[in-house]
Amino acid sequence: EDILRLEKVCKAYNVGQPTETEVLHDIDLEVDRGEFVALIGPSGSGKSTLLNIVGLLDRPTSGRLTIKGQDTAVLGDTELTHLRGHTIGFIFQSHLLISAFTAKENVMMPLLVDRGFPSPEIEAQASRLLDQVGLAKFANHLASNMSGGQQQRVAVARALAMNPDLVLADEPTGNLDTKSAEAVFGLMREVNRAVGTSFLLVTHNLDLARRCDRIIEVVDGRIQPDGAPLRS
Ligand code: ADP
Ligand code: ADP
């Protein structure tokens with residue numbers, strides 16, 4: 001069963017203007033439920049653009065994007081927002097935590113946005129997630145007082161709050177030292193194996209990429225054929 005399917009997806013920026021440029025060309029890609037896929041490629045090749053489309057933050061210029069069997073082209077913005085919130089978790093290079101909030105409050109955010117009001121269930125879920133990422137003791141620490149690696153683990157917990165089918169991670173270890181990067185990657189892999197959450201991980205770290213189920217390489221807006229040698 002695929003959680004994600006792209007068929008002949010193209011993306012152009014500045015459509016209709018003299019500066020119109022197509023940056024993704026005929027992307028075909030499937031990600032199965034439970035798969036952990038690495039997305040690699042040079043800077044400017046289109047990885048973030050692809051992640052934005054898969055994450056329903058931007059729409060393809062042409063082609064078909066199907067998520068959990070649902071053709072997204074027929075969905076309006078409200079429906080896309082709902083599908084995104086309930087299906088996709090995001091982890092970014094800079095964790096984007098709210099620094100004046102505690103670790104637990106940050107993890108609770110997506111749940112609060114979804115339900116509209118706080119509850120003991122939401123608190124319990126946030127505590128459970130922080131426990132899962134090894135930060136139970138830091139629940140009431142302000143995000144701004146935590147190390148980069150700890151903050152990124154909070155971001156992982158937050159991405160998992162809505163129990164997503166697919167997590168999109170854009171260089172989540174890019175700003176971390178080797179040891180913290182290892183911890184964050186190990187954590188994502190563990191969640192993937194334990195819960196069956198699919199991951200699409202953009203990374204420049206080829207050691208991490210090789211430990212994923214599959215590597216997709218994007219060059220100049222195209223997916224390289226399988227078996228293409230890895231550049232470093
Ligand atoms: P990567 O994530 O692989 O570095 P990006 O998806 O960020 O690549 O960028 C792919 C190409 O699209 C680059 O040439 C970039 O300059 C261009 N691009 C990205 N975002 C925009 C935008 N909002 N408007 C115009 N061009 C963009
Ligand atoms: P990354 O390669 O890590 O994705 P970038 O520096 O390429 O980071 O992009 C950062 C932001 O700038 C993104 O939101 C992207 O869409 C935007 N961007 C990148 N290139 C362009 C461009 N040529 N014109 C307008 N926006 C751009």
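Values in this text are rule-based calculations from the coordinates and carry no lab data. Just so it is clear, the model here is predicted, and its values are computed rather than measured. Ideal geometry is used to build each Cβ from the backbone, glycine not excepted, and the neighbour counts take in all protein chains shown.
Figures for the structure shown
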item: Residue, nearest to F101 (Cα to Cα), within region 124-143, restricted to residues that are assigned to a helix (DSSP H, G or I) and of a type outside the set (G, A, S); result: F138
item: Residue under evaluation L29, criteria (1) on the phi > 0 side of the Ramachandran plot; (2) buried (at least 16 other Cβ atoms within 10 Å of the Cβ); (3) more than 13 Å from ligand 1 (Cβ to nearest atom), criterion not met; result: (1)
item: Residue satisfying all of: in region 34-47; more than 17 Å from N192 (Cβ to Cβ) and buried (at least 20 other Cβ atoms within 10 Å of the Cβ); farthest from ligand 1 (Cβ to nearest atom) among these; result: I40
item: Test: residue in region 5-26 that is farther than 24 Å from N163 by Cα, touching an Asp or Glu at 6+ places or on another chain (Cβ under 6 Å), small (G, A, S) and in contact (Cβ under 8 Å) with a residue 60 or more places away in the chain; result: no
item: Those residues of region 168-203 which are in contact (Cβ under 8 Å) with a residue 40 or more places away in the chain, among the β-branched types (V, I, T) and over 16 Å from R158 (Cβ atoms), in sequence order; result: V202, T203
item: Conditions (1) out of contact with any helix residue (DSSP H, G or I) (no Cβ under 7 Å at 6 or more places or on another chain); (2) hydrophobic (A, V, I, L, M, F, W, C); (3) away from ligand 1 (no atom under 16 Å from the Cβ): number failed by F199; result: (1)
item: Hits in region 62-93 - residues which are of a type outside the set (A, V, I, L, M, F, W, C), in a loop (DSSP other than H, G, I, E, B) and away from ligand 1 (no atom under 12 Å from the Cβ); result: K68, G69, G76
item: Residue check, S127 in contact with a Ser or Thr (Cβ under 7 Å, 6 or more places away or on another chain), of a type in the set (S, T, Y) and over 28 Å from K68 (Cβ atoms); result: no
item: Residues being within 13 Å of ligand 1 (Cβ to nearest atom) and either small (G, A, S) or surrounded by fewer than 19 Cβ atoms within 10 Å (Cβ to Cβ) (or both) - total across region 1-15; result: 5
item: Any hit, region 172-193, residues being over 26 Å from E22 (Cα atoms) and in a strand (DSSP E or B); result: no
item: Residue match in region 62-79 (condition: touching a Pro at 6+ places or on another chain (Cβ under 7 Å) and crowded, with 17+ Cβ neighbours inside 10 Å); result: no
item: One residue from G16, G44 being more than 9 Å from ligand 2 (Cβ to nearest atom), part of a loop (DSSP other than H, G, I, E, B) and farther than 21 Å from Q70 by Cα; result: G16
